[in-house]
Amino acid sequence: MNSPDFRNIVDAGLNKKSSHIPLYEHIVSPLIIEKLTGKKFADLLMGDFEDKKEFFRHYSGFFRDFGYDTVSFECCAGPAMPGSGSLGGHKAGVIKNRRDFDEYPWASIPDFYFEANGEIFKAFAETLPEGMKGIGGVGNGIFECVQDITGFQELCYIKADDEDLYKELFAKVGNMLTAIWSRFLKEFGDAFCVGRFGDDLGFKSNTLLEAADVKELILPQYKRIISLVHAAGKPFLLHSCGCIFNVMDDIIATGIDAKHSNEDVISPYSKWIDDYGGRIGNFGGLDMDVLCDSSSVDLVSYTTKVFKLCQAKGHGVAIGSGNSIPDYVSPERYSLMLETVCKLR
């Protein structure tokens, strides 16, 4: 029987030795959890407050029963932004020019966010299993929120047509997210032991924006949010996909305590540990292609190899997929990975 202790993840996030190597996932699809537990509950999140609490009894109970010390959970900021959906839904951007920007209801978005998510966070907090806290909080980072209301291609056009507007978009989104995080930490921070957002800055060979833009426009906004999380007494974990080595030192300088997301085709997990393990914690390790496509024997062998790599570092590591567990991952293979880690530790 798993006896969770959220302090294991806190220690890993602070690049310290924990009592065991903790498991970590950025996201686990409730549909995958349903298949592993045999219990239907995913739709309850859309119900009333009692339904939401019942949802989390199942959702958080899965993390407890399958070897985790924390419950990964976030409510994303993007959906609270009117007209959003360009990032994940491939909709046309709602902001294309200065007029769109000036007329956008920026000041109302924090209220929209908590109207949509306040009761969800409350239900999450009231049903946490003993020994566990959340890891997550307000989902979506600066770059993702900007893209969600402009689209990536339109954002590039804005830069070419109106560079002042381009810069102001990042500053305004930074103000918005700082306000949301500030309120979140005051109202629900006690239920979370690590603050985290995801902001995918790169693709397989580079950052999506020029490195200079990332450093000038995005990272100063990270620093504001990270400072709030630190002031609340919590470490901060950044999830960011892609090849971001050209800005990684600058990202570390913002104050992040740990980083998640890796893909072997970009770089083996060992490089993240070798290059940055002296300064920050490293979460993840297991490449999604291996998790999805390898044989069971190869998956066990690969998981064992990554576990031993974490073991060799000895501190500041949490093991899991290099991305997340979405609907298309085989529940049986995910379960095999968890079983392998729990046996090894």
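The P(r) of the stretch 122-270 has a tail past 22 Å containing 42 percent of all C-alpha pairs. Computed about its Cα centre, the charge dipole of the stretch 251-345 is approximately 480 debye, with only Lys, Arg, Asp and Glu carrying charge at their Cβ.
Quick one: Debye curve from the C-alpha atoms of the chain, no solvent, what's log10 I(q)/I(0) at q = 0.06, 0.08, 0.16 Å⁻¹? Reported log10 I(q)/I(0), two decimals: -0.20, -0.36, -1.50. Derived value for the stretch 90-190: Kirkwood hydrodynamic radius 15.2 Å. Basis is the mean of 1/r over every pair of different alpha-carbon atoms. Between Phe112 and Val297, what is the FRET efficiency for a Förster distance of 56 Å, r being their Cβ-Cβ separation, to the nearest 0.05? That gives a FRET efficiency of 0.70.
Take the alpha-carbon centre of the stretch 179-232, take the same for the stretch 159-176, and report the distance between them in whole Å. That distance is 17 Å.
With 0.36 nm allotted per residue and the present C-alpha distance subtracted, the Lys223-Lys17 stretch has 71.6 nm of extension available. By the helix-only formula, in which each DSSP H run with n ≥ 4 contributes -39500 (n - 2.57) and the sum is divided by residues, the chain has a 222 nm mean residue ellipticity of -15000 deg cm²/dmol.
For an R0 of 51 angstrom, estimate the FRET efficiency from the Cβ-Cβ distance between Thr37 and Lys159 and round to the nearest 0.05.
Step by step, r from the Cβ atoms, then E = 0.60.
Working note: Debye formula, equal point scatterers on the alpha-carbon atoms of the stretch 254-333, no solvent; log10 I(q)/I(0) at q = 0.19 Å⁻¹ is -0.79.
Within the chain, the selection of entire DSSP H helices by a Cα span of 27 Å or greater along the long axis and an average Kyte-Doolittle value of at least -1.0 returns 163-188. Here the stretch 1-151 was treated as a single set of alpha-carbon atoms; its pair distances binned every 10 Å from 0 give 11, 32, 30, 20, 7, 0 percent. Contact order, relative form, for the chain: 23 percent (alpha carbon pairs under 8 Å, 6 or more residues apart, mean separation divided by residue count).
No lab work stands behind these numbers, since they all come straight from the coordinates. Predicted model, so just to flag it, every value in this text is computed and none were measured. Here the Cβ is made from the backbone with ideal geometry for all residues, glycine too, and neighbour counts use every protein chain on show.
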